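Report on one structure; see the data block that follows.
Derivation of every value follows stated rules applied to the coordinates shown; laboratory data play no part. Not measured: the values here are computed from a predicted model. Cβ coordinates were reconstructed from backbone atoms using ideal geometry, including for glycine residues, and neighbour counts include every protein chain displayed.
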Amino acid sequence: MKLELNDIKKRLLMRSAVAITIESGRIAVKLVRGDADGTKPAPSLSVPVGGDDVLKDPDKAGQELGVALNGAGIRERDCVVCVPAGWALTASTDLPEVAEEDLRGYLELRAEREFSSSANDLRLGYCAYSLPSGQRRATLAALSGKKIEAVERMLAVSNRRATSISLALEKCLSKPEAMIHFLTNGNHTDVVVTAGGGVAGLRSLTGPQANGDTAFDPVAFCRDVRITLGRLPEPVRQQIRRAAFTGPSAQSLCVQTRYDLLRMGIESSETTYAATAVGSPQETVGAAAEAARLKLSGQAIAFEFVVPETKRWQELFQRFDTQRRRMLLAGVAGLVVLPLLLLFIRAQIESHLESEWAHMKTKAEELDALQQKIHQFRPWFEPTPQEMELMNSLVSAFPEDGEVWAKSVQVASGNKVSCTGFARSQAALLDFLTRLRGRSDVTALQVPQWQQMQQVRGDKPIQFSLTYQWEEQHD
């Protein structure tokens, strides 16, 4: 039997999670279920608490979030959280050929050089991508410990816990093609550059608001976009030819920056995402829904700030995640389980037999007592009548061809037998007498000489008379 560890892993993964997206003016909540529960309706809601409110008073934000979740009937505790990309400090670095367990140590050393804060005060996350030449690079993001603590405090007050905290990069990594994404969110816009299967650049800029209250300078905005693209490696910069817009101010930003982007060689008309209506289901989902689906399927999330906790069962799977070790594990399990299985089967058989014996024990004891009495009194009874044995002894001496036959047989007291009969010849009569003498239960056979002379008459037939003593034989 083949040991499928991947199937066991899937069974041990989470089945559902609460996707929480912290935006500038609200918290978008969506209950995301796995494939097994995909047919059930998943509630979603929006809490009027912005990112600044979470950092300022996480206790109050947690109370409002808990009330909203309980009111919507969402009881799950595991949460996948996405925070605004503007909260993070970013840098870019090469990825050396190191083991996965050594990669985080290398990134912490790079963070000491790139960021002014100490690495101990930051939570690090990264997203890897590849250059056209095949060289591996990564975009490094860092969140301050205070912001992470504020998010965790908010969840603790609402009786929830974070299994993942990452950046809100909606629709950027579902198709990580070479393009630039503009994610409008309140009064700022996150500029995300994707290339080589990951995020190559990340920056938060001041953008237009959906209500148009604040003045927006598209020239200054595009200048900052040009600076952002100029910091990218040249092979990546040459690949950026398309732009995508999403969020409440997507349409306004696209119209105001279209011509400046065209001067930079970036086409935006065919890849514009129109803003969704306020209060619609899509507007309520948030960027964390995509991250929650990745988490439930066991896939990696870009810019993960929660250090994954390796559980005992995960360590066990990593040890035996090869064909040879699986076979070894199956053999050892067979040696342990097979004797236990045999003992279990034997115990079940013994239990069944003991149950049957308990039902028949009383009758068996009665039959055994009766059998003991039969053995005790058996010598007083004869299983076969003596007369039958006596006659059988005499008859067995007569020849089968009928040359000798009896006329009369008398049995006197003491088993003394007298027999008279006829024989067709003297030879047959002598043979009969010889066979009768040869029997062990015949004694004292008498055929007097004077009787032989007088009572054996003629040749055809010859009359005879004899007496003998029959002795009972015992086994």
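Scan the stretch 117-162 for trypsin sites (Lys or Arg not before Pro) in coil per DSSP, keeping those whose Cβ has at most 12 other Cβ atoms within 10 Å, and list them by number.
Numbers: sites: R123, R136, R137, K146, K147, R153, R160, R161; in loops: R160.
In loop regions of the stretch 117-162 (DSSP not H, G, I, E or B), there are no sparsely surrounded trypsin sites (Lys or Arg not before Pro).
Near the amide H of A200, under 5 Å away, which other amide H atoms are found, from residues 5 or more places off or on another chain, if H is placed in the peptide plane?
Close amide H contacts, sequence-distant or interchain: V193, T194, A195.
Measuring from a point 7 Å past the Cα of A364 along Cα-to-C-beta, which residues in the stretch 341-358 have an amide N at less than 18 Å?
Inside the label zone: 347-358.
Which whole-angstrom value gives the distance between the alpha carbon centres of the stretch 222-273 and the stretch 143-171?
30
R0 = 25 Å: FRET efficiency of D59 with S118, Cβ-based, nearest 0.05?
With a Förster radius of 25 Å, E is 0.40.
Distance check, please: which entries in K56/K295; K146/K171; K56/K147 exceed 19 angstrom between their Cα atoms?
From the list (K56/K295; K146/K171; K56/K147), the Cα-Cα distance tops 19 Å for K56/K295; K146/K171.
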